[in-house]
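Below is one structure, written out as structure tokens; the observations come after it.
Read the figures in this text as sums done on the coordinates, not as results from a lab. What you are looking at is a predicted structure, and each value in this text was computed from that prediction instead of being measured. Using ideal geometry, Cβ is built from the backbone for each residue, glycine included, and neighbour counts are taken over all protein chains shown.
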């Protein structure tokens, strides 16, 4: 296992242990994060997003990861999050592909990809099934996610 594979492993092990501080230590101060739920987050927003998700899960979040691969500049992994979606209390099993770019021994860019329609069907039931594939619905989810993050950050 090379240093960047060890860094990815450290990140997801900390995530599985609800350790937001250690997760944050894996990121470069200028980190960029992108995913379908939040869109683009930068710097402090990234660590605060993970902290918020861990706090909101109230210990009911299961993280599993596999297929960790990395070289000197890039890496990837697969991970699964199992949790109850806070807005509906519906169970979600989200399978995610993560891609990383490294700088100075830390993660400078983290991109998570997942099937938004599959996620929305689980999180929102019939509404997600009918509308989850639409850009309108996805933008609404992203707007709500960013609002939640901003509220969480303003309380800290």
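Quick notes on this one:
- Candidates 41, 106, 126, ranked by Gaussian network fluctuation over the chain, Cα under 10 Å, top entry: 126
- Among 69, 58, 109: highest mean-square fluctuation, GNM of the chain, C-alpha pairs under 10 Å: 58
- Principal-axis tilt of helix 135-155 within the chain, Cα atoms, nearest 10 degrees: 60
- Normalising the average separation of contacting C-alpha pairs (under 8 angstrom, six or more residues apart) by the number of residues puts the relative contact order of the chain at 23 percent.
- Using a Gaussian network model of the chain in which every pair of alpha carbons under 10 angstrom is joined by a spring, one finds that among 136, 15, 124 the greatest mean-square fluctuation is at 136.
- By other beta-carbon atoms within 10 Å, ranking 35, 115 with the fewest at the front produces 115, 35.
- Nearest 10 degrees, 0 to 90: helix 3-16 Cα axis against the chain principal axis: 40
- Helix 44-57 axis versus longest C-alpha principal axis of the chain: approximately 60°, rounded to the nearest ten.
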